[in-house]
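Written below as C-alpha cells is the structure these notes are about.
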C-alpha cells in the first residue's frame with residue numbers, strides 16, 4: 001500500500017514484493033490483505049426466532065399458527081423450520097433466554113432491493129414504499145445508487161438520450177464501482193446507446209421475423225428443402 005501511495009504501477013509493486021500482479025490489484029482495491037475467515041451462515045428463520053420465542057413464552061405452542069404469523073411478516077421458509085425450532089424448546093435443548101431481535105435490514109434480500117429500485121414509486125404498494133424508504137435511509141450509498149438508477153430508467157422510458165452525458169458524469173463522481181463498470185460498457189458503443197435512448201425505432205420486427213423463420217425451419221426439418229421453406233415464408237399471412 002505504501003508503494004501504491006508512492007505512485008508505482010501494480011506490475012512494479014508485484015515485482016518488488018514477489019507477488020502476482022492480480023493479487024496486488026485485489027489487495028489494493030480492498031485496502032489490505034484478505035481476512036481468511038469463513039462467514040457464519042445464518043438461517044432465514046433467525047430474524048423471526050425472537051418473535052417465535054416470545055409467543056412461546058406467552059403460551060402459544062401451535063407450530064402452524066406461529067408459522068402463519070411469521071409468514072405474514074415476510075418469512076419465506078417452510079413450516080418445518082418453525083417446528084424444528086419449537087422441538088428444541090420442548091426438549092429444553094435451547095435455554096429460554098431472550099434472543100436478539102431481528103434488525104430491519106435482515107428482512108431484505110439483494111433481489112428484493114433491486115426490484116424496489118427499478119420500479120416506479122407510483123407502482124409500489126404502501127408497504128413497498130416503506131421498505132424502499134428504509135433501504136434508502138439506511139445507507140448513503142444506497143440513496144445515491146437509487147437516484148442514479150431512477151435517472152437512467154427515466155431516460156429509457158421517456159427517451160431522453162441527451163441527458164446521458166450528464167448521467168455518466170454523475171456516476172463517475174459517485175464512486176460506486178458497479179455503476180461505473182456499467183458505464184464502461186455503455187461507452188464501448190455510446191452512439192448506439194444514445195440512439196436507443198432517443199429514437200423510437202426498434203429491432204423488434206426484425207427479431208420477430210427471424211424467430212418465425214427458425215420456427216418454420218424446425219417444423220419441417222428433415223422433410224423438405226429450401227424451396228418449400230421459401231414458399232412457406234413468402235405465402236404466410
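Taken over the range 131-175, the residue count meeting the criterion of being closer than 24 Å to residue 195 by Cα and either assigned to a helix (DSSP H, G or I) or at pLDDT 95 or above (or both) is 24. Regarding the range 195-212, can at least one residue be identified that is closer than 26 Å to residue 139 by Cβ and either assigned by TED's automatic domain parsing to the domain that holds residue 119 or out of contact with any helix residue (DSSP H, G or I) (no Cβ under 7 Å at 6 or more places or on another chain) (or both)? There is no residue in the range 195-212 that is closer than 26 Å to residue 139 by Cβ and either assigned by TED's automatic domain parsing to the domain that holds residue 119 or out of contact with any helix residue (DSSP H, G or I) (no Cβ under 7 Å at 6 or more places or on another chain) (or both).
Looking at this structure, is residue 177 under 16 Å from the mean Cα position of the chain (by Cα) and outside the structural domain of residue 73 (by TED's automatic domain parsing)? Judged against the criteria, residue 177 is a match. Does any residue of the range 38-45 turn out to be closer than 30 Å to residue 76 by Cβ, at pLDDT 85 or above, within 29 Å of the chain's Cα centre (by Cα) and not in a loop (DSSP other than H, G, I, E, B)? Looking through the range 38-45, none of the residues is closer than 30 Å to residue 76 by Cβ, at pLDDT 85 or above, within 29 Å of the chain's Cα centre (by Cα) and not in a loop (DSSP other than H, G, I, E, B). Scanning the range 57-89 for residues that are part of a loop (DSSP other than H, G, I, E, B) and farther than 16 Å from residue 46 by Cβ returns 58, 59, 60, 61, 62.
State all residues of the range 188-237 that are surrounded by 11 or more Cβ atoms within 10 Å (Cβ to Cβ) and closer than 30 Å to residue 171 by Cα; if no residue qualifies, say none. Of everything in the range 188-237, those that are surrounded by 11 or more Cβ atoms within 10 Å (Cβ to Cβ) and closer than 30 Å to residue 171 by Cα turn out to be 189, 190, 193, 194, 195, 196, 197, 198.
The values are calculated or read from the model by the stated rules, or taken from the named source; none is laboratory data. Owing to the predicted nature of the structure, the values given are computational and were not obtained by experimental measurement. So basically every Cβ, Gly included, is an ideal-geometry build from the backbone, and we count neighbours across all protein chains shown.
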